Amino acid sequence: MARLEIILGDITRQDVDAIVNAANCSLLGGGGVDGAIHRAAGPELLAECRRLHGCETGKAKITGGYRLPARHVIHTPGPVWHGGGYGEEELLRSCYRSCLELASENGCETVDFPSISTGVYRFPLDKASRIAVGTILDYLEEHPEIRRVRMVCFDERTKAWYDRALEELT
Ligand code: ADP
């Protein structure tokens, strides 16, 4: 049974050990998936995030899930796409790796990711999907403690790119 799955869905509805939030460096909420997660989790999430004093792009921090079905939220600010010459690809790889490391350290066996950076941050989906799938597959190979990872895609077009990347890389 493959341990990486691509699904279509709303990440705020997933009953897993941890969902990942495509956050910004303030960790104080925003639009897109970040706004949806904060709305669904309730004000207690923002209160905990305030105590974290932000996060650098490519790194990650973990909080509780509060009113979400998920037990934890792992917040990671993805890179804004500026054409590819500013370390964007390495930073995106670092987002996925940092989140998975935090999941391992916190005993999270099931982890769901949104498509980091491919919304308002404009990272091209062809590149982002290959980086995400490649980084997750590499991590899973070395870390049996993570039982299952899913990419939760919010629309069919996004899902098609991740499906293609998974097919290419397995
Ligand atoms: P970024 O700023 O990192 O680009 P966005 O939130 O703008 O983050 O977009 C990242 C991806 O998350 C996009 O594919 C967007 O469609 C998707 N998204 C938005 N809301 C949800 C949700 N509730 N569940 C899963 N994915 C979502």
Checklist entry - For the peptides 35-42, 117-124, what is the packing order when you average, over each peptide's residues, the other Cβ atoms within 10 Å and list the highest mean first? => result 117-124, 35-42
Item to check | Long-range HN-HN contacts of Ala23 with modeled amide H, under 5 Å | outcome: Thr76, Gly78
Checklist entry - Just going by the charge dipole of the chain, with Lys and Arg at +1 and Asp and Glu at -1 on Cβ, which of Tyr96, Val133, His53 is farthest out on the positive end? => result His53
Next on the checklist: Can you list residues from other chains, or at least 5 along the same chain, whose modelled amide H is less than 5 Å from the amide H of Leu68?
Outcome noted: none
Item to check | Whole-number percent relative contact order across the chain, with pairs defined as alpha carbons under 8 Å at least 6 apart | outcome: 30 percent
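Could you please report the charge total around Arg147, scoring K, R as +1 and D, E as -1 over all other residues with beta-carbon less than 10 angstrom from its beta-carbon? Display every interim value, and only then the final one.
Numbers: positive: Arg3, Arg148; negative: Asp17, Glu109, Glu145.
Residues near Arg147 contribute -1 overall.
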Checklist outcome for this item: Expected vector for region 32-45, Karplus 3J(HN,Hα) from phi with 6.51, -1.76, 1.60 and θ = phi - 60°, integer Hz, x for Gly and Pro, equals x, 5, 4, x, 5, 5, 5, 4, 6, 7, x, x, 5, 5
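Roughly how many debye, to the nearest 20, is the charge dipole of the chain about its Cα centre, given +1 on each Lys and Arg Cβ, -1 on each Asp and Glu Cβ, and no other charges? The partial results should precede the final answer.
Numbers: 20 positive and 25 negative charges, 98 e Å.
Magnitude of the dipole: close to 460 debye.
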Checklist outcome for this item: Computed over region 67-159, the convex hull of the Cα set has an average projected area, in nm², of 6.3 nm²
Checklist outcome for this item: Per residue, the convex hull enclosing the Cα atoms of region 3-169 spans a volume in Å³ of 95 Å³
Checklist entry - Using only helices, what value at 222 nm comes out for the chain when you add -39,500 (n - 2.57) per DSSP H run of length 4 or more and divide by the total residues, to the nearest 500 deg cm²/dmol? => result -13000 deg cm²/dmol
Next on the checklist: If you average the alpha carbon positions of region 1-35 and of region 91-170, how far apart do those two centres end up, in angstrom?
Outcome noted: 11 Å
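Readers should treat all values here as calculations from the given coordinates under stated rules, not as data from a laboratory. Since this is a predicted model, take the numbers as computed values, not measurements. Note that we place each Cβ from the backbone using ideal geometry, even for glycine, and neighbour counts take in every protein chain shown.
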